[in-house]
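The values are calculated or read from the model by the stated rules, or taken from the named source; none is laboratory data. It should be emphasised that the depicted structure is a prediction, and the values quoted were computed from it without experimental measurement. Quick reminder, even Gly has a Cβ in these numbers, built from the backbone with ideal geometry, and neighbours come from all protein chains shown. Areas reflect the complete protein model, heavy atoms only, side chains present, ligands, DNA and RNA absent. Shrake-Rupley method; radii C 1.70, N 1.55, O 1.52, S 1.80 Å.
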Amino acid sequence: MNLVSFSIKTKGLHNFVRRLGTVFTRFGFTETRTRRALYTIINTVRKYDGFPTFYIPAVVLKRHPKLIASIGQGGTEIGVHGYVHNDYRTLDKEQQLIQTQQAINIFKQANVPYYGFRNPYLGWTRESLEVFAALGFHYESNIAVLHDVVDLDAFSSLIRGGFEKSLKLFQAVPCNTYALRPQFDGQLLRIPTSIPDDEMLFDRLRITNPEEVGHIWSKIMKRVYDLGGLYALNLHPERGVLCQRALDTLLSSAASQELPVWVTRIGDIAQWWKERCRFKFNVESLDDHRWKITADCSERATVLARYLTIEDSPVTPWFGVDERVQLHSFIASAATCPLVGVSHQTPEEVMVFLAEQGYTAARCTQEEALNYALYIDKLAGFGSTPETQSENKNALVEQIEALEKPLFRFGCWPDGSRAALAVSGDIDSVTVQDFFLRIIEVFRHR
């Protein structure tokens, strides 16, 4: 399938024609327009002490190496967005491997460091994940988490149809606590991306008022904040100037929350999550209902406790019933053991998952279950299919997060932050020429 027919299928004929009509207003025949858009996004994020992350197809990088290298050297993260802008779901594993290696070679030739991969159209397969892991990527960012913050009933069936095509194209999953956290798939870390993005709002739903777009993104930010997760915004640089006010509204909303929101690059999210997953608590029983707890972690770790009396460390109110424990070694007392109990029949994968999520678990018998904050007995683990595993993992995370029992754990984000915000964007084209060359490039690399 060529790019034109693919675009018509995924956007609808009407949206495809409208998209072509905007090409000459969003791109120029030189780099000037895109350079301005890129620095508009960069400078807006810098006001809030962060840097964005941009992904670019390797062939586009090859045509504009100095521009991309310059923004990378300034602190912006650059990631791989394919060799050409094609959907990996149309490629077999061998072609995915070949094209990804070709992309890596161009990044190395341009002396542009890369850590992550975001697929064009977020079009990943199981083979894609295997390829990324084999080629040494630190993370990929293709899980599209849908936030239902727009009243679709207010739009015509034609417009709704275009939006629904996006959801199908992006393989969107519902928003929940676990979906908003980085997830390990073997050795590869998967970073979720939140939708609707700028393209869905501007081109599919035709919401072009920056104030309205900023309001929608701020609603998503508040939801992510309440769930303690990650909001990875996807803002294509071609709309960087159009969306400057919307982006500033989002960042201002994040900064106004009671607890900090960590504004950072997606690569930093990946690095932190891998560091955090090595944290652990050492627990020593002192006497009835008292424990010596030592956190084996970095200074940036956020140690949280609920329904515990902390004897020898300052604590500060955090979020909900949780308090932040300031020291990483302390004595706690409570009516029950503040750990998650896990049956001896439950597979080890559950113990590993609990540790990755920042919870401390101990093996116990069913007779001992009442001594713990929660007792888990999952003979089949999380299930055999990816869908079942995701559902069961989310159910377990939400069950633990809602516990009204003594518990301590590591928060998701560093330095007491409640949530994280990463502003990202796909540099699909830099010039008008790039846009139309995509048709030829995708045809050649089917």
First in segment 343-364 and over 17 Å from Arg276 (Cβ atoms) and assigned to a loop (DSSP other than H, G, I, E, B), second anywhere and open to solvent by less than 10 Å² (accessible area, probe 1.4 Å) and of a type in the set (Val, Ile, Thr), Cβ under 7 Å, 6 or more apart
Thr346/Ile376
Tally time: how many residues in segment 203-233 are touching a residue at least 60 places away in the same chain (Cβ under 8 Å) and closer than 21 Å to Gly161 by Cα?
3
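Could you name every one of the helices (runs of 4 or more DSSP H) located completely within segment 48-155 that has at least 3 residues being buried (at least 16 other Cβ atoms within 10 Å of the Cβ) and among the β-branched types (Val, Ile, Thr)?
Values: elements: 58-63, 65-73, 93-109, 126-134.
Fully inside segment 48-155 and qualifying: 93-109.
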Any residue at all in segment 183-192 that is assigned to a helix (DSSP H, G or I) and not charged (D, E, K, R)?
no
Does segment 370-405 hold any residues that are in a loop (DSSP other than H, G, I, E, B), open to solvent by less than 50 Å² (accessible area, probe 1.4 Å) and touching a residue at least 12 places away in the same chain (Cβ under 8 Å), and which are they?
Gly381, Phe382, Leu403
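What residue, of Arg324, Arg418, Arg363, is touching a His at 6+ places or on another chain (Cβ under 7 Å) and basic (Lys, Arg)?
Working: Arg324 fails: touching a His at 6+ places or on another chain (Cβ under 7 Å); Arg418 fails: touching a His at 6+ places or on another chain (Cβ under 7 Å).
None of the other options fit; the residue is Arg363.
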When you check Asp428 against the structure, is it open to solvent by less than 50 Å² (accessible area, probe 1.4 Å) and assigned to a loop (DSSP other than H, G, I, E, B), yes or no?
yes
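Can you pull out the residues in segment 302-359 that are among the hydrophobic types (A, V, I, L, M, F, W, C) and within 30 Å of Gln187 (Cβ to Cβ)?
Our first condition is that a residue be among the hydrophobic types (A, V, I, L, M, F, W, C); within segment 302-359, this holds for 303-305, 308, 310, 315, 318-319, 321, 325, 327, 330-332, 334-335, 337, 339-340, 342, 350-355.
Answer for segment 302-359, where residues must be among the hydrophobic types (A, V, I, L, M, F, W, C) and within 30 Å of Gln187 (Cβ to Cβ): Val303, Leu304, Leu339, Val340, Val342, Val350, Met351, Val352, Phe353, Leu354, Ala355.
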Check off (1) more than 30 Å from Leu247 (Cα to Cα); (2) in contact with a Ser or Thr (Cβ under 9 Å, 6 or more places away or on another chain) for Gln183 and give me the number that stays unchecked.
(1)
Hey, can you tell me all the residues within segment 296-310 that are charged (D, E, K, R) and closer than 14 Å to Gly320 by Cβ?
Arg306
Residue list for segment 275-287, restricted to those being touching a strand residue (DSSP E or B) at 6+ places or on another chain (Cβ under 9 Å) and either open to solvent by less than 60 Å² (accessible area, probe 1.4 Å) or farther than 23 Å from Val352 by Cβ (or both):
Arg276, Cys277, Phe279, Phe281, Val283, Ser285, Leu286
Looking at segment 235-243, can you tell me whether even one residue there is within 14 Å of the chain's Cα centre (by Cα), among the aliphatic types (A, V, I, L, M) and buried (at least 22 other Cβ atoms within 10 Å of the Cβ)?
yes
Working only within segment 176-205, note down all residues that are over 22 Å from Asp248 (Cβ atoms) and either of a type in the set (Lys, Arg) or open to solvent by 20 Å² or more (accessible area, probe 1.4 Å) (or both).
Asn176, Arg181, Gln183, Phe184, Asp185, Gly186, Gln187, Arg190, Arg204
Looking at segment 267-318, which of its residues are polar (S, T, N, Q) and touching a helix residue (DSSP H, G or I) at 6+ places or on another chain (Cβ under 8 Å)?
Ser298, Thr302
Counting only residues that are in a loop (DSSP other than H, G, I, E, B) and in contact with a strand residue (DSSP E or B) (Cβ under 8 Å, 6 or more places away or on another chain), segment 328-342 contains a total of 3
